[in-house]
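The structure appears right after this line, and notes come after that.
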Amino acid sequence: MRRRLRRYGLAWAGAAIVLAWLLVALLAPWISPYPPNAVDVTQRLLLPSAAHWLGTDILGRDVLSRLLHGARISLLAGFSVVLLGAGIGTAIGILAAWLRGWGEEALMRLTDLVLCFPPIILALALAAALGIGTTNTIIAMLVVWWPKYARLARSLALVQRSQEYVEAATVLGLPQKRILLRHILPNIFGPIAVLCTLDLGIAILTFAGLSFLGLGVVPPAAEWGSMVSEGRELVEQWWVATFPGLAILTVVIGFNFLGDGLRDWLDPKAQR
Amino acid sequence: MTAILDIRDLVTVFHTDRGPVRAVDGVSFTIARGETLGIVGESGSGKSVTAQSIMRLLEPPARIEAGQVLFEGRDVLAMSQSELADWRGASAAMVFQDSLTGLNPVLRILPQVSEHVVAHGRMAPPAARRHGIDLLRRMGVASPERAAAAFPHQFSGGMRQRVMLAIGMANEPSLLIADEPTTALDVTIQAQILDLMAGLNEKFGTAIMLISHDLGVIGSLCRRIAVMYAGEVVETGPTAEVLADPRHPYAWALAHAVPRLDTPVTARLPSIEGMPPDPLAMPRGCRFAPRCAHRIARCDAEHPPLTEIAPGRSVRCWVTMDGRQLPPPSLPAAAAPPRATEAEAPLLEASDLIKHFPLPRKSLFAKPELVHAVNGVSLQVARGESLGIVGESGCGTSTLARLITRLHAPNAGNIRFQGQDITALGGEALRALRPRLQMVFQDPFASLNPRMRVGQILAEPLRVHGHAAPEERVAALLDMVGLNPAWAARFPHEFSGGQRQRISIARALALDPALIVADEPVSALDVNVQAQVLNLMLELRARLGLAFLFIAHDLAVVRAFCDRVAVMYLGRFVEEAPAAELFATPAHPYTVALLSAVPEPGQRRIVLGGEPPSSLRLPQGCAFRARCPVARPICAEPPPLVEIAPGRRVLCHAPGSLQKPR
């Protein structure tokens with residue numbers, strides 16, 4: 001029992017952090033002490049105190065309330081980018097593995113083409129072209145997000161495709177679509193789910209990064225990246241940038257621990 | 001004779017999450033200087049763990065908890081790490097089964113052979129290099145100077161196993177432990193390696209401890225044998241005596257479960273039902289009692305000790321410890337399956353099948369090289385008939401199976417099934433054909449989708465092809481292959497290899513096929529399980545009137561199952577004959593050599609030199625010429641297909657010129 005706890009202790013910690021943030025995002029309107037966008041210039045840049053646990057920002061908005069509401073946008077953006085990206089990428093990857101020949105070449109070279117660009121720069125350019133806004137930023141991120149899933153799904157599907165159970169399914173006269181969806185897909189799901197979990201932290205970080213650079217959310221909406229950005233020049237008022245930064249840090253760490261644990265748990269070789 | 005290795009009450013325990021598993025439980029045996037001891041047992045019986053315990057190669061969660069390992073009087077279990085390093089590879093060496101992972105892929109051959117000669121301070125590097133090349137030559141590696149500079153992946157499995165033996169023998173150890181050294185090899189290559197090991201034992205006086213699941217392999221090399229079951233030695237004695245007159249019921253079953261070249265064609269094999277005991281909950285009495293046909297009341301209550309019944313023979317059994325013998329096996333031959341009438345058109349007819357695969361181009365402008373997998377095979381299978389196809393790895397049998405089932409399309413040739421030309425069938429027409437033409441695969445672990453329950457696996461083809469009430473059919477199918485219908489809710493990983501192969505067979509039967517192509521269906525199974533599955537297939541064949549195309553590398557297995565046999569070499573049939581005739585009077589020199597290479601006690605071997613030629617460049621003339629002991633100048637011409645008797649075809653210039661050794 002103790003060995004199992006040690007092996008999965010970090011994973012449980014990660015799961016707890018992630019779960020806590022999910023709850024926060026869900027309950028933000030009810031647990032926030034103030035409305036997130038309530039400007040009060042008389043209360044600007046107050047130190048953390050009993051009235052404002054994490055202080056106030058340059059417009060006198062409560063940092064804690066903005067932080068809690070920010071969790072909604074960050075997590076929503078992270079989940080939509082990763083889940084949609086994984087969906088698109090996996091579909092393309094499996095298709096490539098199944099088609100072989102020219103179809104595979106075309107799909108994989110397209111994947112390579114996107115992978116050629118530095119992802120943040122490409123997303124930045126796309127987001128700037130599409131215009132500021134959460135949806136546009138998510139779309140821009142999606143464009144650079146799917147290729148790694150396509151690569152992974154293709155290599156996993158190629159391995160499964162050469163397994164005898166796929167040949168057996170063919171000999172039984174099952175339709176190709178069914179073989180792809182019912183036989184190959186469930187067998188490559190594990191590693192993709194692990195990548196998704198590890199990736200969520202990165203997606204949230206990237207989204208925050210884009211917001212920090214002025215893309216992403218439309219002000220005055222509360223978002224961690226833009227909050228850090230707003231506090232960037234306030235060296236004396238450290239709390240304005242530090243707390244949203246810590247929020248990003250914990251959520252990324254949480255997803256990483258969870259993903260690592262998931263990987264160990266799904267790896268049959270790690271089990272005894 | 002003094003004992004070189006003396007093991008006393010060795011206990012090795014794996015501390016798993018579910019509890020301690022006593023993998024080796026009180027094992028004792030000795031090996032005298034220059035002796036050969038074989039250890040036999042099914043997978044999980046603890047034979048490999050015993051070897052690893054002797055070499056102290058185990059890592060947590062495994063721990064040696066009790067006992068002594070005395071090597072020339074020194075206690076191995078008490079050695080420090082540096083003493084161990086001095087001892088291993090110098091006085092005792094080990095050869096592993098998998099020669100691909102046993103060699104370091106990024107180092108050239110010679111450094112791997114000579115490295116530990118230098119490390120043990122036996123020789124200076126230049127002398128060690130000369131010694132290494134000399135060793136490779138003595139192990140029968142062709143052109144050793146060139147081989148020394150090669151990398152492991154450039155070698156075949158047989159050659160790599162020779163290199164492994166060269167590494168093992170480099171410091172002239174007094175004990176060589178070989179763990180399934182020939183299991184991954186073809187019969188003719190296996191014969192070469194066994195010969196080589198017998199030579200090492202004779203010339204250098206090296207004691208050999210050979211671990212194998214194959215009684216034939218052990219019988220042809222070892223003078224003494226120890227049979228292991230569930231972590232214990234259950235019988236030891238001189239090999240010949242134990243094989244002729246086994247006294248432990250498990251040894252008895254092992255000795256009789258192996259199909260032999262002299263068993264009658266399509267006879268049922270004795271097998272023991274059930275599975276080895278759960279290592280977490282060993283029975284209190286005899287560990288074999290739950291599966292034993294000779295059980296008496298005492299067996300369930302008390303654990304039998306290893307008792308000496310004759311000088312040098314011990315057995316762990318309450319029934320035979322007073323010197324009684326076990327009766328010979330008596331099992332009725334399977335009923336003859338319904339045979340097609342002469343006039344009936346064959347169920348399956350293939351003519352001049354050719355299949356080659358292009359390799360990836362080496363450079364942009366290079367012509368792609370072709371692997372010539374199947375080079376002109378013609379065959380016929382009648383309704384209810386079983387045609388066996390025998391060949392070593394790489395000779396094209398698996399490709400042929402996939403051509404017949406139309407997983408691949410042939411490059412040339414023609415396939416007719418039930419009167420329909422299926423050579424170029426595709427799409428819906430091919431799917432409509434599938435139910436009548438099924439396949440059973442080799443690997444019971446890869447051929448079932450691990451994410452589906454057994455019930456789903458069996459019901460899926462029924463649903464797709466529009467059968468009503470698949471649930472009832474699934475239950476009937478499981479029952480037919482001897483599995484509990486309630487197990488339909490389980491996942492494949494909850495079953496043993498033999499049970500999984502039964503599920504595979506049930507899946508192939510689901511759609512009521514007329515022909516089943518079985519690609520090495522029992523080669524991945526333990527002998528006892530192999531006998532169970534073969535018996536099941538024989539029974540189903542008789543009951544359902546199925547025709548089989550049965551592919552195997554094991555001649556004895558083919559003999560046990562097939563009416564007619566074809567021998568394949570480099571993509572062609574070299575001989576085709578009724579099974580009984582082929583085994584009695586083989587005509588092609590390759591068939592003769594193949595038959596003689598089957599490891600059976602007392603069998604005289606014709607050891608073929610060399611290895612099958614590459615299928616990249618087909619040789620001119622007879623493909624077997626380079627290895628043929630009776631090759632003559634005319635063999636440079638393509639050999640004719642001669643019909644030497646009705647139904648007996650041989651691809652040879654001089655059929656019958658090589659005789660079976662007596």
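Some observations on this one:
- Filter pass, B:E494 being within 18 Å of B:S271 (Cα to Cα) and surrounded by fewer than 18 Cβ atoms within 10 Å (Cβ to Cβ): no
- Annotation note: of A:L64, A:L122, the sole residue that is buried (at least 19 other Cβ atoms within 10 Å of the Cβ) and not aromatic (F, W, Y) is A:L64.
- Within region B:578-610, the set of residues being touching a Gly at 6+ places or on another chain (Cβ under 6 Å) and either more than 15 Å from B:R564 (Cα to Cα) or modelled with pLDDT under 85 (or both) comprises B:P599, B:E600, B:P601.
- Scope region B:274-301; condition in contact (Cβ under 8 Å) with a residue 60 or more places away in the chain and either outside the structural domain of B:Y250 (by TED's automatic domain parsing) or surrounded by fewer than 12 Cβ atoms within 10 Å (Cβ to Cβ) (or both); matching residues: B:L280
- Comparison of B:A350, B:A340, B:A334 shows that the only residue that is at pLDDT below 65 and in contact with a Leu (Cβ under 7 Å, 6 or more places away or on another chain) is B:A334.
- Per this entry, B:G571 is not counted among residues that are surrounded by fewer than 22 Cβ atoms within 10 Å (Cβ to Cβ) and at positive phi.
- Residue match in region B:374-389 (condition: assigned by TED's automatic domain parsing to the domain that holds B:A429, without any contact (Cβ under 8 Å) to a residue 60 or more places away in the chain and either part of a loop (DSSP other than H, G, I, E, B) or crowded, with 22+ Cβ neighbours inside 10 Å (or both)): no
- B:R463 surrounded by fewer than 19 Cβ atoms within 10 Å (Cβ to Cβ) and over 26 Å from B:D352 (Cβ atoms): yes
- Residue match in region A:29-40 (condition: within 20 Å of A:A193 (Cβ to Cβ) and touching a residue at least 40 places away in the same chain (Cβ under 8 Å)): no
- Selection of region B:395-413 for residues being buried (at least 18 other Cβ atoms within 10 Å of the Cβ), away from chain A (no Cβ under 14 Å) and assigned to a loop (DSSP other than H, G, I, E, B) yields B:C395, B:G396, B:P410.
- Residue within region A:198-219 that is free of Cβ contacts under 8 Å to residues at least 24 places away in the same chain, away from chain B (no Cβ under 14 Å) and of a type outside the set (D, E, K, R) present: yes
- Sole residue being touching a Pro at 6+ places or on another chain (Cβ under 7 Å), within 14 Å of chain B (Cβ to nearest Cβ) and assigned to a helix (DSSP H, G or I), chosen from A:L156, A:L181, A:L185: A:L156
- Residue within region A:135-143 that is within 20 Å of A:L205 (Cα to Cα), among the hydroxyl-bearing types (S, T, Y) and loosely packed, with under 13 Cβ neighbours inside 10 Å present: yes
- Considering residues of region B:386-398 that are of a type outside the set (A, V, I, L, M, F, W, C) and at pLDDT 90 or above only, the residue farthest from B:D512 (Cα to Cα): B:G388
- Residues that are at pLDDT below 85 and not small (G, A, S) within region B:1-14 comprise B:M1, B:T2, listed in sequence order.
- Which listed residue is closer than 30 Å to B:R18 by Cα, in contact (Cβ under 8 Å) with a residue 40 or more places away in the chain and surrounded by fewer than 18 Cβ atoms within 10 Å (Cβ to Cβ), from A:L76, A:L47, A:L10: A:L10
- Residue match in region B:83-92 (condition: charged (D, E, K, R) and either crowded, with 19+ Cβ neighbours inside 10 Å or under 32 Å from the mean Cα position of the chain (by Cα) (or both)): yes
The values are calculated or read from the model by the stated rules, or taken from the named source; none is laboratory data. The structure displayed is predicted, hence computed values, not measured ones. A quick note on method: Cβ atoms are made from the backbone with ideal geometry, for glycine too, and the neighbour counts reach across all protein chains shown.
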